[in-house]
Every structure is written in C-alpha cells, then in structure tokens.
Amino acid sequence: MYNNISISVSDDDSDDLSGRMRVRVKRKRKRLGFRGKKEIFRHLRLIGLKWWPVLLFLPFTALILFQLPRAGVKPKEERKADLGVETESTNSTFVGGTEKPSNLNRLDQVTRVVSGVREPCLKLLSPEQLRHLEFPPALTPDPPVKSIIYRRDVDESHISSSGIALQTYTEGTRFNAFTGNQTFVERHESFKVSETAVVHCGFYSESGGFKISEEDKHYVQSCKAVISTCAFGGGDDLYQPIGMVEESLSKVCYVAFWDEITKSAQEAQGTIIGGGGMIGKWRIIVVKDLPFTDQRLNGKIPKLLSHRLFPLARYSIWVDSKSQFRRDPMGVLEALLWRTNSVFAISEHGARSNVYDEGNAIVRKHKATPEEVEIQLTQYRKDGFPDDKRYRGKRALAEASIIVREHTPATNLFTCLWFNEVVRFTSRDQLSFPYVLRQLGILKINMFPVCTRKDLVNSLGHKRKVKPLTG
C-alpha cells in the first residue's frame, strides 16, 4: 500500500519564501512602470511629428482670439446690446431679465456697446447743466390736431344707487358712466384726424367715479410737469425717487394714486401719509369710487389719461408701481423729448416685436382669456393691421412701464384712443398701442432701446396679489 510521507515546513522557511516572492513582484512592477513611461514618451514624439504645424500656430491663434473684441468683433451679448436687444449694467445684476430686489436705491449706469465702444444707455446732461435746465417756450399747436373736444354722453343708466359707476358691457366691452358709451361707428370715426377732434376720453359723468378731494384737485392743477404712479388693490409698495438734482424738486410734482385698499395695506406695515398728504417726495392722492371692478383697468386711468388728471401740466412721466424712478426728471425730458424733437417716448419691447406674437404670449401666460384676445386680434386683422415686426425702423411692439410725453393735442388724442381700445378689448395695453399708433399716424414718437428703460428705473417686481373691487 501507500507509505505515509510527511513534510514539515518551518515558519522561517515560509517567511523566506514569501519574502522572495514579494521581491520578484516588486521588481516586475518596477520594470513594467519603466516601460510604460517609455511608451508615453514614444507616443508623444509621434504626435508631435504628426501635428507639429498645429502646435506651431497654437500660440498665434490664442493671441488672435484674445484681441478679437479690440478689433471690433464683439461677443454675442455685446452684439445684441449694440442692437438694443440685450444690455448690461456696470454694477446691476439681472436674474431672468429682472433686476434683483437689492437694486433698490442703485444709481449705477446701464451701458451698451455701440460700434465697439461702451457708452451709457441714457445720456443725461451734467449735474451743473441740470440745475439750470428750464422748460422750453410753449409752441402753438401745429396741424393736423389743434384742439380736442371730449364727448359727454347723456345716458347715465349705468349709475348705481350709491352714485358709483358700474362696470357694464356694451357690444362686449366695459364702457360705463366714466368712459362714456363709445359705439363701434364712433370708434372708427375717432381715428380720422382733423384740427378739432371729438373723442371719448373718460370722466364724462360727474357720477362716473374716480373721485379725488378738492384739496387734491387744487394740487394737481399746480403741476407744470409730473411724475405719476398708482397702486390700486394694495399690490405694491411705494419707492422714493432718487437721482435728481435739488432744483428739479421745485419744477416737477411727484404724485402717487392709491385706493383705500392700498392705503390700509401701507398703514398696516407702518407707511403713514404725513402732513400735506406727503410720503417723502410723493404726494399721495387717495381715489374714491373707482370705475371698474378690474383693478388693472383702473390703473390705466392715471397711466393713459394724465392730461385729464393734470389739466395744466405740459409734461408727464408715467412709472409703473413695481419700479423706482432713479434719474433727474428734467434731464429725462431733455434727453428723450427735447433733444430728439419728440412729443412722446416709450421703450421698445424686450422680448417680442409683433402684436400677434404678443397676443399669443398673453394667452400663454394667462394674462387674459383666449376669447377676449382673439376678439381683439380678429378685429385688428379685419382692419388690415399687418404682422410686421418693424415700424419706422424700430420694433413694432412697445413696453409701456415708462411713458414720457408732452401734453399736446396730438398726444392727448393718441392716449384717449389708446384708453378706449383698452376698455373695449383687453387691459393689456401693449397689445393696443401699436394699432393706435399706426391708425392715427401723426405722432412724433421716440421708441428708445430696452437698456434706456432699464437705466431709468430700478425694477423690483410686484409685491403682493392685487385685491379686486366687489359690487
């Protein structure tokens, strides 16, 4: 059978064997690592031989790319800024196209690149020149419009028992005892230009609403130029204007229109109307009996009918309540009206150029119902309004958060017609502005770039949801 054979291995032998194996492994790894480096160098040498022309010109290419902006080839954002599409501020930070709330009280300039040179979007006179700036002499109105007669309808059937004008619908519109009941035939006739225009323009009835105190009436009649804003329904806070020279304060009124809802909301957070109806530089006028249940529509009254609210003023600047005005008002009038020989100034739209595209955006963002937008655009198509993206060399669509105007018969007629379109169709005034501008066809208008609008204000966004009127 088999013999049992036993072999004993001492611990020392085992350690010696494992040690010799570890040495061999280490030496093998070392030799493999050495050959790997040789392979890397060999591959690098082959790449160098194959691509040496590219490697030779690489430093020169980098130098050329570095010098491109100086040679007039601008980055994409600067090329857009050159066209007034995109802008950048020296300090401002924009998030999603809107300035951060931290921009409150900022005075830094917004700039753009023109022909390879960065320059301010709004070129104001020097502070010393602004201190001595005065209103130019009033000129006699030139044809085609010399005067306006405001229609006063006699039917006051839309007055409630309390004397408040009720929002009613005539031919699918919201005409009432404040607006007058403009018929469709009268709408058509109102665009026919004559030396004496006869037009509906709000305030037709003493019972129509939008009441202010006798003291406030006396104040608004003292204004030769005014910056105005409004906050109805408690939606926004009040931001003090900044950036003006001291001398402008005696030449320009600052008026904010509130309703009782906004007054209560502001008082609840400690903003109290002081002596003389003032909060800082703003004169607060609290309006009674607003004519519409739609607060957006109520807001169009001070926005579009400033010549009716300030009957003796020659100039007005409208600023949406979500913005802080931050430039000298006299300087703005000089830069946007007097220097350009214009009577009306408004910003180009920053996102769209076309009324029909704007209508689609309004529906998509749920800012109006598809039905009311379709009624308006169908009428504009029927009237032959084109879908052009340009008008007189500018975008055919405006952004109406800032309106700078001289109160001439032509601009007064224009804003009356604009207001009537807003009442008849939708409260989205950007939709009706281009239509009225083309239909009337007489206005000397300055459509300034988007970056100029951003320089005029610090935009802060709406703070709270607006509370509607009831009853």
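So, counting K/R as plus one and D/E as minus one, what does the shell of residues with Cβ under 13 Å around ILE445 add up to? Walk me through the intermediate numbers first.
Numbers: positive: ARG392, LYS394, ARG395, ARG405, ARG438, LYS444; negative: GLU348, GLU406.
Net charge in that neighbourhood comes out at +4.
HIS462 accessible area, nearest 10 Å², 1.4 Å probe?
130 Å²
What pairs in LYS217/LYS303; LYS224/LYS322; LYS211/LYS444; LYS300/LYS444; LYS224/LYS367; LYS192/LYS454 have C-alpha atoms more than 28 Å from each other?
LYS211/LYS444; LYS224/LYS367; LYS192/LYS454
Could you report segment 244-383's accessible area per residue, 1.4 Å probe, as an integer in Å²?
Values: 5140 Å² over 140 residues.
The answer is 37 Å² per residue.
Tally Lys/Arg at +1 and Asp/Glu at -1 over every other residue whose Cβ is under 13 Å from the Cβ of TYR435; what's the total?
0
If packing is taken as the average number of other Cβ atoms within 10 Å across a peptide's residues, how do 355-368, 192-205 rank, most packed first?
By packing density, highest mean first, the sequence is 192-205, 355-368.
Consider a paramagnetic label point 7 Å from the Cα of THR183 along Cα→Cβ; state which residues of segment 126-155 have an amide N under 17 Å from it.
151-155
In the P(r) worked out for segment 339-471, what percent of Cα pairs fall beyond 26 Å? Each step should come with its number before you reach the end.
Details: 2109 of 8778 pairs.
Of all Cα-Cα distances in segment 339-471, 24 percent exceed 26 Å.
Quick one: dipole size for segment 265-412, taken about the Cα centre, charges +1 on Lys/Arg Cβ and -1 on Asp/Glu Cβ, in debye to the nearest 20. Please list the in-between numbers first.
Numbers: 24 positive and 17 negative charges, 77 e Å.
Result for segment 265-412 is approximately 380 debye, rounded to the nearest 20.
Report, by chain and number, residues whose modeled amide H sits under 5 Å from the one on ILE227, excluding near sequence neighbours (fewer than 5 apart, same chain).
CYS253, TYR254, VAL255, ILE317
The values are calculated or read from the model by the stated rules, or taken from the named source; none is laboratory data. What you see is a predicted model; the values in this text were computed from it and never measured. No Cβ is skipped: glycine too gets one built from the backbone with ideal geometry, and neighbour counts run over all protein chains shown. The accessibility values were calculated without ligands, DNA or RNA, using every heavy atom of the protein model including side chains. Shrake-Rupley method; radii C 1.70, N 1.55, O 1.52, S 1.80 Å.
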